[in-house]
Amino acid sequence: MKKFIYLISPQKIDEKFYDDLTKVLQVKNVCFFQLRLKQIRKDKLIKIAKRIKRITQKYKVKFIINDRSDVSKIVMADGC
C-alpha cells in the first residue's frame, strides 16, 4: 500500500510559511495540501491561495481549499 502525506495549513500564514512549504514539498511524499484559514477576508485569502497554488503546482501537489468553493474556483484549486 502506497503511503502519502496530506498537509493542512496553520491558522496563520506569514512570509516565512511560503519558503517552509517549498522545502516540505521538495521531499516528494506530499500528495495534498489543504488551505484552512478561518476568519480571513476574501481578498486576503485569494492572495494567499494564489501564491500557494503556484508552489503546489510546481511540485505536483493537489491543492484543496477548505469551505470556500468561491475562492477555490477563482484560484483554480484542485478541490474544495
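Counting heavy atoms of the protein chains only and a 1.4 Å probe, report the per residue accessible area for the range 11-55 as a whole number of Å². Show your work: numbers first, answer last.
Details: 3110 Å² over 45 residues.
Per residue, the range 11-55 has an accessible area of 69 Å².
Between the helical axis of 42-58 and the longest alpha-carbon principal axis of the chain there is an angle of about 20 degrees.
Just flag the chymotrypsin sites (Phe, Trp or Tyr not before Pro) in the chain sitting in loop per DSSP whose Cβ has no more than 10 other Cβ atoms within 10 Å.
Values: sites: Phe4, Tyr6, Phe17, Tyr18, Phe32, Phe33, Tyr59, Phe63; in loops: Phe4, Tyr59.
Answer in residue order: Phe4.
Counting only residues at least eight positions apart within a chain, or on another chain, the lysines with an alpha carbon under 17 Å from that of Lys16 are Lys44, Lys47, Lys50, Lys53.
The aspartates and glutamates within cross-link reach of Lys23, meaning a Cα-to-Cα straight distance under 20 Å and a gap of 8 or more places when in the same chain, are Asp14, Glu15. What part of the accessible area of the chain, given as a whole %, is carbon or sulfur when the probe is 1.4 angstrom? That fraction is 53 percent.
Would you compute, from DSSP H runs of 4+ residues alone, the mean residue ellipticity of the chain at 222 nm, taking -39500 (n - 2.57) per run and dividing by the full residue count, rounded to the nearest 500? Let's see the in-between values first.
Values: 3 runs with 35 residues, N = 80.
Mean residue ellipticity at 222 nm (helix-derived): -13500 deg cm²/dmol.
About its Cα centre, the dipole of the chain is roughly 140 debye, where the only charges are +1 on Lys and Arg Cβ and -1 on Asp and Glu Cβ.
Hydrodynamic radius of the range 6-51 by the Kirkwood approach over all distinct alpha-carbon pairs: 11.4 Å. For the chain, the average shadow cast by the Cα convex hull is 5.1 nm², which is a quarter of the hull's surface. Our summary gives the chain a relative contact order of 29 percent, counting only alpha carbon pairs under 8 angstrom and 6 or more residues apart. Between helix 15-25 and the chain there is an angle of about 30 degrees, using the helix long axis and the longest principal axis of the Cα atoms.
The values are calculated or read from the model by the stated rules, or taken from the named source; none is laboratory data. None of these values were measured; they are calculated from a predicted model. Neighbour counts run over all protein chains shown; Cβ positions are idealised from the backbone, glycine included. We work out accessible area using only protein heavy atoms, side chains counted, and drop any ligands, DNA or RNA first. Shrake-Rupley method; radii C 1.70, N 1.55, O 1.52, S 1.80 Å.
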